[in-house]
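Novice: Pasting in a structure now, in structure tokens, and then I'll have a few things to ask.
The values are calculated or read from the model by the stated rules, or taken from the named source; none is laboratory data. Since the structure is predicted, the reported quantities are computational estimates derived from the model, not experimental observations. Here the Cβ positions follow ideal geometry from the backbone for every residue, glycine too, while neighbour counts run over all protein chains shown.
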Amino acid sequence: MIRLRLSLALDYVVAAPGCDFIFDIHAAHTARQRVLEESLSLSQSLPSRVETDPATHNRTLRLQALPGPLRVAYGATVDLRHHVEAPDRIAQVPVAQLPAPVLGYLYPSRYCQSDRLYRLAMREFGHWPQGYARVQGIRDWVLQRTTFTPNTSNANTSAIDTLLETVGVCRDFAHLMIALCRALNIPARFTTGIDYGADPALGPTDFHAYVEVYLGGRWYLFDPSGTAIPMGFVRFGTGRDAADVAFATIFGSVSSSAPRITIEAIAGDDGRIELPRHTRDALSTDDGTALAPP
């Protein structure tokens, strides 16, 4: 079991007459990700509510902000108890046997144009045996052909843009891997959160995007950007692509500064600190229940 403590602060200046915010910054409650404690503070005296989507388990904070400065601060302590499996025991699930809630993650979406990548996917991976190793091969292919470079993409960058430009940040790596998986009839979804153990050379701790792929009746973790340690991922939200799970969706005019995020491993109930580490095993924080797209 890994216990992580995280905190984040988001600062805005809201223009008149104010604006609405939808935040996806609360740690998800899953069978293998337990939120022990959490706190939320707002610098403005505002009514707010956190709503949980019953299908995805995403928890969204909604509020209407007044003009002026706004700080949103969230903190949580989370226990991760991963499902661990040998990769060679994990098979691809035939489309005919996929649970109905998973089917939405087979289809093209705004940033993951899987229908346009079918020929490429078949040429590169069609000869691979189906299963976990094939998906790992897709992940490695994306990592080898794409360079992590900050400030090289924007809110309009899609999987095809990343394929052509061969640069991007974590969300771009995730979109490309998802599109290639879906082109091969493998359900894949976009996941956001915070990670422990990212390379400090990449800069301050930030939000992270990675991929979960449905194999063997469970959603398994993959990090196509190669910048973090999957065992240290704390899940916030899942969706078809980044459009579904932005950490902040803003309806109005604001200015903002970079988020301030910290995460650390702390002692569990037994007094020991277990650090996330790289492993060849397959990892999941899912309980095996299929979760539907929004």
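Novice: Over 19 Å from the mean Cα position of the chain (by Cα) and under 27 Å from T262 (Cβ atoms) - does that describe any residue in the stretch 160-172?
Specialist: Taking every residue of the stretch 160-172 in turn, none turns out to be over 19 Å from the mean Cα position of the chain (by Cα) and under 27 Å from T262 (Cβ atoms).
Novice: Could you run through the stretch 1-54 and say how many residues are surrounded by 14 or more Cβ atoms within 10 Å (Cβ to Cβ) and among the hydroxyl-bearing types (S, T, Y)?
Specialist: Final tally of qualifying residues: 5.
Novice: Another question about this same structure. Within the stretch 1-43, can you find the residues that are among the basic types (K, R) and not in a strand (DSSP E or B)? Steps first, answer last, please.
Specialist: Going through the stretch 1-43, the residues among the basic types (K, R) turn out to be 3, 5, 32, 34.
Hit for the stretch 1-43 is R32, nothing else.
Novice: Okay, moving on. Output yes when any residue across the stretch 62-79 is assigned to a loop (DSSP other than H, G, I, E, B) and either hydroxyl-bearing (S, T, Y) or within 25 Å of the chain's Cα centre (by Cα) (or both), and no when none is.
Specialist: Pass one, the stretch 62-79, residues assigned to a loop (DSSP other than H, G, I, E, B): 66-67.
From what is left, the residues that are either hydroxyl-bearing (S, T, Y) or within 25 Å of the chain's Cα centre (by Cα) (or both) are none.
Within the stretch 62-79, none of the residues are assigned to a loop (DSSP other than H, G, I, E, B) and either hydroxyl-bearing (S, T, Y) or within 25 Å of the chain's Cα centre (by Cα) (or both).
Novice: Could you list all residues from the stretch 119-135 that are touching a helix residue (DSSP H, G or I) at 6+ places or on another chain (Cβ under 7 Å), surrounded by 15 or more Cβ atoms within 10 Å (Cβ to Cβ) and within 18 Å of I90 (Cα to Cα)? Let's see the steps before the verdict.
Specialist: Looking only at the stretch 119-135, we keep the residues that are touching a helix residue (DSSP H, G or I) at 6+ places or on another chain (Cβ under 7 Å), and these are 121, 124-125, 128, 132-135.
With surrounded by 15 or more Cβ atoms within 10 Å (Cβ to Cβ) added as a condition, the list becomes 121, 124-125, 132, 134-135.
Matches in the stretch 119-135: F125, Y132, R134, V135.
Novice: Within the set of pairs 6 or more residues apart or between chains, which connect a residue that is assigned by TED's automatic domain parsing to the domain that holds A201 inside the stretch 129-156 to a residue that is surrounded by fewer than 18 Cβ atoms within 10 Å (Cβ to Cβ) and of a type in the set (S, T, N, Q) with Cβ atoms less than 7 Å apart?
Specialist: R145/T166; T146/T166; T147/T166
Novice: Can you tell me which residues in the stretch 245-259 are crowded, with 17+ Cβ neighbours inside 10 Å and assigned to a strand (DSSP E or B)?
Specialist: Answer for the stretch 245-259, where residues must be crowded, with 17+ Cβ neighbours inside 10 Å and assigned to a strand (DSSP E or B): A248, V254.
Novice: If the Cβ limit is 6 Å and pairs must be 6+ apart or interchain, which residue in the stretch 112-126 that is within 16 Å of S158 (Cα to Cα) pairs with which residue that is part of a loop (DSSP other than H, G, I, E, B)?
Specialist: The qualifying pairs are C112/D241; S114/P108; D115/P108.
Novice: Same structure again: Could you tell me which residue of the stretch 8-53 is modelled with the highest pLDDT, considering only residues that are within 30 Å of R218 (Cβ to Cβ) and of a type in the set (G, A, S)?
Specialist: A27
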